[in-house]
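Undergrad: Below you will find the structure I want to go over with you.
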Amino acid sequence: MSGDAIDAGHGRTGLARRVIEVWALLGGLVLLGIALMSTWSAASAFLFNKPLPGDFELVEMGVAVAVFMFLPYCQLTDANVTADIFTAGASERTVNVLKLLAAVVAIGFGALLIWRMWAGLLDYRQYVETTTTLRIPVWYAYVPILMSLALLLVACVISIRDLLQDLRHAR
């Protein structure tokens, strides 16, 4: 994909790209909130011997949510971790074919995760499991995670479309 892949496209694809970008920025805000809360908790523990109760629970849930929120953007912008040592001498066409294969695998993996995470959400709602200190229902974290996985599937479809176009034009 081209370096300006996030800016390319019109219509539904352009809207999907923008939603994915905003979703990742919201993930950054989640991490910023966690960092500020952790800092406040550590400072209040040091200064007043009163840390925020359940801060570790919020960190655990927030980081999990934020990581999933970044996945669609990483897929869309080709920012996933890769082993470039294996493709350093490969042609652009070979690299694009491998990226295409990776996007297809990501769709399968994303669909599997949606299926199992949905089952987890239903179980946690049915059995009303909560965090220990703050009593936050665990299933709350599953909602943005499932939204992130749905956006990951959209990002994979866009990536596949873009890569197929690149492969056609490279001939």
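Undergrad: For the pair Ala170/Ser91, report the inter-label distance in nm, with labels modelled 7 Å from Cα in the Cβ direction.
TA: 0.8
Undergrad: About the Cα centre of the range 3-137, how large is the charge dipole given +1 on each Lys and Arg Cβ and -1 on each Asp and Glu Cβ? Please answer in debye to the nearest 20.
TA: Values: 9 positive and 11 negative charges, 57 e Å.
With only Lys, Arg, Asp and Glu charged at Cβ, the dipole is about 280 debye.
Undergrad: If I model a spin label as a point 7 Å beyond the Cα along the Cα-Cβ vector, how far apart are those points for Arg125 and Ala150 in nm?
TA: Taking the two extended label points, one gets 1.2 nm.
Undergrad: Then there's this: Count charges around Gly33 for me, please; just the other residues with Cβ under 15 Å from its Cβ, Lys/Arg as +1, Asp/Glu as -1. Intermediate results must be reported in sequence, preceding the final value.
TA: Working: positive: none; negative: Asp55, Glu57, Glu60.
Combined, the nearby Lys, Arg, Asp and Glu give -3.
Undergrad: Next up: Positive end of the dipole of the chain, charges at C-beta (+1 Lys, Arg; -1 Asp, Glu), about the Cα centre: which of Leu113, Ile85, Gly28 has its Cα farthest in that direction?
TA: Toward the positive end, the furthest listed residue is Leu113.
Undergrad: Considering only protein heavy atoms and a 1.4 Å probe, what is the carbon-and-sulfur percentage of the accessible area of the range 79-171?
TA: Numbers: 3970 of 6080 Å².
Answer for the range 79-171 is 65 percent, counting heavy atoms of protein chains only.
Undergrad: Moving to a separate point now. Compute the length gained on full extension between Val104 and Arg161: take 0.36 nm times their separation in residues and subtract their Cα-Cα distance, giving the result in nm to one decimal.
TA: Details: separation 57, 0.36 × 57 = 20.52 nm, distance 1.10 nm.
Value of the extension gain: 19.4 nm.
Undergrad: Here is a further query. Which order, highest average first, do 142-155, 49-62 follow once you tally other Cβ atoms within 10 Å for each residue and take the mean per peptide? Each step should come with its number before you reach the end.
TA: On the way: 142-155: 20.0, 49-62: 15.6.
By packing density, highest mean first, the sequence is 142-155, 49-62.
Undergrad: With the Cα gyration tensor of the range 41-119 giving a ≥ b ≥ c as the square roots of its eigenvalues, does the rule (a/c under 1.5 for rounded; else a/b larger than b/c for prolate; else oblate) give rounded, prolate or oblate? Don't jump to the answer; show the numbers that get you there.
TA: Working: a/c = 5.07, a/b = 2.17, b/c = 2.34.
Oblate, since a/c reaches 1.5 and b/c is not below a/b.
Undergrad: Still on this structure, please answer the following. Go through the range 55-68 residue by residue and turn each phi into a ³J(HN,Hα) via Karplus (6.51, -1.76, 1.60, θ = phi - 60°); whole Hz please, and just put x for glycine and proline.
TA: 4, 5, 5, 5, 5, 4, 5, x, 5, 4, 5, 4, 4, 5
Undergrad: What residues have an amide H closer than 5 Å to that of Thr130, excluding those fewer than 5 places away on the same chain, when H is modeled at 1.01 Å from N in the peptide plane?
TA: Val138
Undergrad: To continue, here is another question. Would you mind checking the tilt of helix 11-48 against the longest principal axis of the Cα atoms of the chain, expressed as 0 to 90 degrees and rounded to 10?
TA: 30
The values are calculated or read from the model by the stated rules, or taken from the named source; none is laboratory data. If you're wondering where the values come from, they're calculated on a predicted model, not measured in any experiment. We place every Cβ from the backbone using ideal geometry, glycine too, and count neighbours over all the protein chains shown. Surface areas here come from the heavy atoms of the whole protein model, side chains and all, with no ligands, DNA or RNA. Shrake-Rupley method; radii C 1.70, N 1.55, O 1.52, S 1.80 Å.
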